[in-house]
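The values are calculated or read from the model by the stated rules, or taken from the named source; none is laboratory data. Note that this is a predicted model, so its numbers are computed, not measured. Every residue, glycine as well, gets a Cβ built from its backbone with ideal geometry; the counts of neighbours run over all protein chains shown.
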């Protein structure tokens with residue numbers, strides 16, 4: 001039980017050392033991730049469509 005308490009105290013100490021982003025940084029990073037995800041999804045969709053068309057023409 002003592003080791004669990006020590007672990008949680010260490011976690012609390014380390015969490016205080018973390019450099020947390022402010023609200024504007026968080027918003028900016030979230031926008032970047034969402035835009036990149038949408039672009040990557042569109043690219044994968046386009047490649048899938050091209051492969052589908054090519055395979056349909058072969059068969």
(request) With the checklist (1) exposed (fewer than 10 other Cβ atoms within 10 Å of the Cβ); (2) at pLDDT 95 or above in hand, flag the one item residue 3 doesn't pass. (result) (2)
(message) Need pairs with beta-carbon distance below 8 Å; first residue part of a helix (DSSP H, G or I) and within segment 16-29, second surrounded by 10 or more Cβ atoms within 10 Å (Cβ to Cβ) and at pLDDT below 95; sequence gap 6+ or separate chains.
(response) 29/21
(request) Among the candidates 49, 24, single out the residue that is at pLDDT 95 or above and either touching a strand residue (DSSP E or B) at 6+ places or on another chain (Cβ under 6 Å) or surrounded by fewer than 10 Cβ atoms within 10 Å (Cβ to Cβ) (or both). (result) 24
(request) Starting from segment 36-59, take each residue that is in a helix (DSSP H, G or I) and list its partners that are surrounded by 10 or more Cβ atoms within 10 Å (Cβ to Cβ) and at pLDDT 95 or above, counting only C-beta distances under 7 angstrom and pairs at least six apart or across chains. (result) none
